[in-house]
Amino acid sequence: MAQLIGSSFLDLVPDECRKVFIGFIDLCRVEMCTTELSLATSSGKTLYTHLAGGPEFRDHSHTSIVVTDISARKLAEEDLRIANDELEQRVEERTRALRDSEHRERVRAEELAGGYTNTRLHRP
């Protein structure tokens, strides 16, 4: 948090997000709203935030915005997404292996059954 103290909040907002952020501020002047925003800290790290804002209850000429650090949640969500992707890949691989094994066993069973039937038909 030390890298945020003394910084203008707008300086933390990446250039490509500034119009969206300013639009969010404008909307908060007239109604309650929320959004998520990725911020660039002076150390080069990304800080994931949740913003909630709206007009002041007692004085509608002022706007209040609460910024919450949701970086830990975002990183956990990414870890979960990666784990789910890996799990899906393992399930696909195991399903494929099971189908191949079933196919081999069916062919083998048919060969054995065919040989047995032919043997029985040709016995004296």
Write out the chymotrypsin sites (Phe, Trp or Tyr not before Pro) in region 1-79 meeting two conditions: DSSP loop, and at most 16 other Cβ atoms within 10 Å of their Cβ. Phe57
Dipole magnitude of the chain about its Cα centre, charges +1 at Lys/Arg Cβ and -1 at Asp/Glu Cβ only, in debye to the nearest 20? 720 debye
Rounded, prolate or oblate: which one fits the chain, using the alpha carbon gyration tensor with axes a ≥ b ≥ c (rounded when a/c is under 1.5, else prolate when a/b beats b/c, else oblate)? prolate
Within the chain, excluding any GluC sites (Glu not before Pro) found in a DSSP loop (not H, G, I, E or B) and having at most 14 other Cβ atoms within 10 Å, the longest uninterrupted segment runs 57-124
For region 9-69, averaging the sequence separation of alpha carbon pairs under 8 Å that lie six or more residues apart and dividing by its residue count, the contact order in percent is 28 percent
Helix 71-122 sits off the longest principal axis of the Cα atoms of the chain, rounded to the nearest 10 on a 0 to 90 degree scale, by 10 degrees
Got the relative contact order for the chain handy, in percent, Cα pairs under 8 Å and 6 or more residues apart? 15 percent
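Coordinate-derived values only; no laboratory data. Computed from a predicted model, the values in this text were never measured in an experiment. Cβ sites come from the backbone with ideal geometry, for glycine too, and all protein chains shown count toward neighbours.
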